[in-house]
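Down below is the structure, laid out as structure tokens.
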Amino acid sequence: MLAEAQDKLKQHYGHETFRPGQSAVLERLFENKNTMGMMPTGGGKSVCYQIPSLLMPGITVVISPLISLMKDQVDELKEAGIDATFINSSLSAEETSAAMDEIRLGLQKLIYVAPERLEAPSFLRMLQRLPVSMIAVDEAHCLSQWGHDFRPSYMRIPELVQSLPQKPVVLALTATATPEVSDDICRALEINKENVVKTGFARKNLSFHVIKGADRDHYVADYVQRNPEASGIIYCATRKEVERMYESLRKKGASCGKYHGGMSQDERRNMQEQFVYDVTKVMVATNAFGMGINKSNVRFVFHRNMPRNIESYYQEAGRAGRDGVPSDCVLLFSPQDVQIQQFLIDQSQMSEERKTQEYEKLQIMTHYCHAESCLQRYMLQYFGETDTEDCGRCSECVDDRELEDITKEAQMVFSCIKRMGERFGKTMVAQVLTGSMNKKVKDLRFHQLSTFGLMKTRTQKDVAQLIDFLAASDYLRLSGGNYPVLQLTDRVLPVLKGDTPVTRKMVKRPEK
Ligand code: ADP
């Protein structure tokens, strides 16, 4: 079957061979095993269902939330000589029923549908009467409540699979899933562990950078002016910020567009098209922009503000360099952003359990910004890839400052946290270490601790940064919602015993 598939790949797409992940997925599908493909953006996920659809006797239903992409995908397939159609809310009632008729008549092999369609009983009844060979679930992380983009209608997919008279084989695809999310998908879609095909999410052409303490507007404008030919996206946290940044870049003569939820649909479509067809070079946008934008030559993605979690960041930043050409992903960090995100979580309608989880994800995102080792590796570890190597390209990998032994300072921080009962946050710990005598310190008698004032030659801010570093390096854990307290992790004991040193890239330390 694989040889036949290879012929089809050549015939319809002109590619000579499958990539290793693709053949692994295809082999399993041909053995009728439910399968999950975890591959990075640009890894070639679509081939994993498009080619088998040609070799299976019945039809293949592709469930995808990317409505804006469906038409283009179907047009491309038709051009490649593959019978395909789509059904989503962009079609009129007549168009929908025409498409359904074609499907009923067996004129289509591949049908793209939006997950909301599964809520319509008439659509489900139609599927039940058709020979469905395969259900392909694109962006499968939308199925998990713990994912960053949960879509309730995805929960209908297992029902759909069960309700079909002939059980189809199921394929789940995603470019972003933590181990928890991937477990959820496997459970819901009955995929066995050995049928999860992972090619690794690493993106070899992306260079990740974290820039701290810069004048952000100036930094972005300067980069854009220095790279006038490059296409890129600048993500901002709010609509207001988008408008401001857009105006400021235009005044400086940059070729740019804007995109956010407050604009009319026409305006948004216009701006998007101009960007996709390279009429404008730079898109200033909120995170409403990007899902389903198929533009391969994006050379940079800036985040003017820190996103709420690593999943969102990796996905948004990952829109750079889909064509494999070296590209930059730059996050401009300001501690204020952490507070804003905390506030947003706090004010949201989420359950307490969910809020706690969101705070944890936010902390991991914040740690990323303070990490002093390979940034790509940090994110891949978050996605459960532990055997990765340093990328050699990110702002940490290329940072050649010397390593300084900070074991003594780390020990001071750890023992202070311990003596304070692991019940206080960063500010309080920094106050005690720098010997700051305020009412709370006095009331709690922390001025009597042996660690009080151990770092009195340092500023409180400096000590707070050291604590951030220790947290980012996994020595400290922040636990509990809005006002997290510092706790020690397993990594601390060997340091306290003097068995393992702690090192840090040299920092310039302002004296008090
Ligand atoms: P994804 O959905 O994983 O982001 P796509 O399916 O859009 O990726 O594929 C990304 C690019 O890789 C496309 O241009 C596609 O034609 C190309 N591609 C896919 N499979 C192969 C292959 N086996 N050989 C060469 N190019 C491939």
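No value in this document is a laboratory result; all are computed from the given coordinates. The structure displayed is predicted, hence computed values, not measured ones. So basically every Cβ, Gly included, is an ideal-geometry build from the backbone, and we count neighbours across all protein chains shown.
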_Net charge, SER97 excluded, C-beta distance under 15 Å - Lys, Arg +1, Asp, Glu -1_ = -1
*If you take the beta carbon distance between PHE150 and ASP499 as r and set R0 to 35 Å, what does 1/(1 + (r/R0)^6) give as a FRET efficiency, to the nearest 0.05?*
0.20
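Which percent, to the nearest 5, of DSSP beta bridges fully inside the chain are antiparallel?
On the way: 8 of 56 bridges.
Bridges in the chain that DSSP calls antiparallel: roughly 15 percent.
Once you sort the root eigenvalues of the Cα gyration tensor of the stretch 116-260 as a ≥ b ≥ c, which label holds: rounded (a/c under 1.5), prolate (a/b larger than b/c) or oblate (the other case)?
Numbers: a/c = 3.16, a/b = 2.20, b/c = 1.43.
Prolate, because a/c is 1.5 or more and a/b exceeds b/c.
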*In degrees between 0 and 90, to the nearest 10, how far off the longest principal axis of the chain does helix 460-472 point, with axes built from Cα atoms?*
40 degrees
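Of the chymotrypsin sites (Phe, Trp or Tyr not before Pro) in the stretch 230-289, which ones lie in a loop per DSSP and count no more than 16 other C-beta atoms within 10 Å?
Details: sites: TYR235, TYR246, TYR259, PHE275, TYR277, PHE289; in loops: TYR277, PHE289.
Of the chymotrypsin sites (Phe, Trp or Tyr not before Pro), the ones in loops of the stretch 230-289 whose Cβ has at most 16 other Cβ atoms within 10 Å are TYR277.
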_Tell me whether the stretch 328-480 comes out rounded, prolate or oblate; compute the Cα gyration tensor, take square roots of the eigenvalues as a ≥ b ≥ c, and use a/c under 1.5 as the rounded threshold._
oblate
_Cleavage-rule hits (trypsin sites (Lys or Arg not before Pro)) in the stretch 89-173: DSSP loop, at most 15 neighbouring Cβ within 10 angstrom_ = ARG129
*J(HN,Hα) series, the stretch 317-332, from Karplus relation 6.51 cos²θ - 1.76 cosθ + 1.60, nearest Hz, glycine and proline x*: 4, x, 6, 7, x, 5, 8, x, 7, x, 8, 9, 10, 10, 10, 9
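Which GluC sites (Glu not before Pro) from the stretch 199-290 combine a DSSP loop assignment with at most 14 other Cβ atoms within 10 Å? Show your work: numbers first, answer last.
On the way: sites: GLU229, GLU241, GLU243, GLU247, GLU267, GLU273; in loops: GLU229.
Here the GluC sites (Glu not before Pro) that fit, given the DSSP loop and packing criteria, are GLU229.
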*asked:* Can you give the FRET efficiency to the nearest 0.05 for ASP266 and SER92, using r as the Cβ-Cβ distance and R₀ = 25 Å?
replied: 0.90
*Modelled label-to-label distance, THR489 and SER68, 7 Å Cα→beta-carbon offset: nm?*
3.7 nm
_What does the C-alpha gyration tensor say about the overall shape of the stretch 203-295? Classify as rounded when a/c is under 1.5, otherwise prolate if a/b is larger than b/c, or oblate._
rounded
_What are the ³J(HN,Hα) couplings of the stretch 185-200, residue after residue, when phi is run through the Karplus curve with 6.51, -1.76, 1.60 and θ = phi - 60°? Round to Hz, x for glycine and proline._
5, 4, 5, 5, 10, 6, 10, 7, 3, 6, 9, 9, 9, 10, 9, x
_Point-to-point label distance, ASP405-LYS193, nm (Cα→Cβ direction, 7 Å offset)_ = 4.2 nm
_Considering only C-alpha atoms, what is the centroid distance from the stretch 132-148 to the stretch 441-501, in Å?_
42 Å
*Please turn the phi angles of the stretch 438-453 into ³J(HN,Hα) values with the Karplus equation 6.51 cos²θ - 1.76 cosθ + 1.60 (θ = phi - 60°), one per residue in order, whole Hz, x for glycine and proline.*
9, 4, 4, 4, 5, 4, 8, 6, 5, 5, 8, 6, 5, 8, 5, x
*With axes computed from alpha carbons, what is the tilt in degrees of helix 216-226 against the longest principal axis of the chain, rounded to the nearest 10 within 0 to 90?*
60 degrees
_In nm, spacing of pseudo-spin labels at ARG423 and GLU273 (7 Å Cα→C-beta vector)_ = 6.4 nm
*Using modelled amide H (1.01 Å from N, peptide plane; none on Pro or chain starts), what sits under 5 Å from the amide H of ILE211, excluding residues fewer than 5 places away?*
LEU331, LEU332, PHE333
*Report the one residue of LEU454, LEU380, TYR368 whose Cα lies farthest in the direction of the positive end of the charge dipole of the stretch 336-484 (charges on C-beta: Lys and Arg +1, Asp and Glu -1; origin at the Cα centre).*
LEU454
_Placed amide H near MET283: partners under 5 Å, 5+ positions off or other chain_ = GLY232, ILE233, ILE234, GLY257
*Bin all alpha-carbon pair distances of the chain at 20 Å intervals from 0 and give each bin's fraction as a whole percent.*
20, 49, 26, 5, 0
*So what is the 222 nm mean residue ellipticity for the chain from helices alone, if each DSSP H run of at least 4 adds -39500 (n - 2.57) and you divide by all residues, rounding to the nearest 500 deg cm²/dmol?*
-12000 deg cm²/dmol
_Report, in listed order, any pair from LYS212/LYS426; LYS258/LYS361; LYS355/LYS461; LYS212/LYS408; LYS251/LYS355; LYS212/LYS497 with a Cα-Cα distance greater than 30 Å._
LYS251/LYS355; LYS212/LYS497
